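Just so it is clear, none of the values below were taken in a lab; they were calculated from the coordinates. This one's a predicted model, so the numbers in the text were calculated from it and none came from an experiment. Every residue, glycine as well, gets a Cβ built from its backbone with ideal geometry; the counts of neighbours run over all protein chains shown.
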Amino acid sequence: MDTNDLVLSRLIKASRPSVWRAWTEPKLLVQWFCPRPWTTELRAFELRPGGGFHTLMRGPDGGESDNPGCFLEVVERERLVFTSQLGAGWRPQTAWLPMTAEITLSDEGAHTRYTARVMHPDRATRDQHEKLGFYDGWNLCITQLEEVALTLR
């Protein structure tokens, strides 16, 4: 692991196919993708390399977090990689928080090992992301993801 990475690894008590569905079906993704009571609007979700992945998160106080990006890699039920540094069609863009996230899923018994590695261009950006609440926020979202995945068959 690079020192500019933030990493979370959790065991989710749902099957890998269910976790994959919760991540890749837009109507399910918006249910867990940001910490409640914030909500997620999907402005683009083209699940393929080079496809747009654009979320707009809204808080109950009117705050917003606009996050346009791009999928870099999609391996069915195993791996998703996306970045804020490219938009749809590999178009370079300037991101307020430059990062690339790698999500990996693997079987662990009847459950799913969920690992998120979030790579940053430098230590200052990594530290900024951590101070913004990376561990608390992403862990809460993983818990919400698990709740959604457990409802699926």
Query - Formal net charge of residues neighbouring Arg43 (Cβ-Cβ distance under 13 Å; K, R +1; D, E -1) - result: -3
Query raised in the report: So what's the angle, to the nearest 10 degrees on a 0 to 90 scale, between helix 134-149 and the longest Cα principal axis of the chain?
Result: 40
Query raised in the report: When Trp90, Trp32 are ordered from fewest to most other Cβ atoms inside 10 Å of their Cβ, what list results?
Result: Trp90, Trp32
Report summary line: Footprinting proxy, Arg126, Arg36: sorted fewest to most Cβ within 10 Å, the residues are Arg36, Arg126
Requested in this report: Please list, in chain and number order, the residues 5+ apart from Met99 or on another chain whose amide H is under 5 Å from its amide H, with Hs placed from the backbone.
Outcome: Ser84, Gln85
Query raised in the report: With a 10 Å Cβ neighbour count serving as the proxy for reagent exposure, in which order, fewest first, do Ser15, Ser9, Ser65 appear?
Result: Ser9, Ser65, Ser15
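Under the rule of -39500 (n - 2.57) per DSSP H run of 4 or more residues, summed and divided by the residues of the chain, what mean residue ellipticity at 222 nm is obtained, to the nearest 500 deg cm²/dmol?
That calculation yields -7000 deg cm²/dmol at 222 nm.
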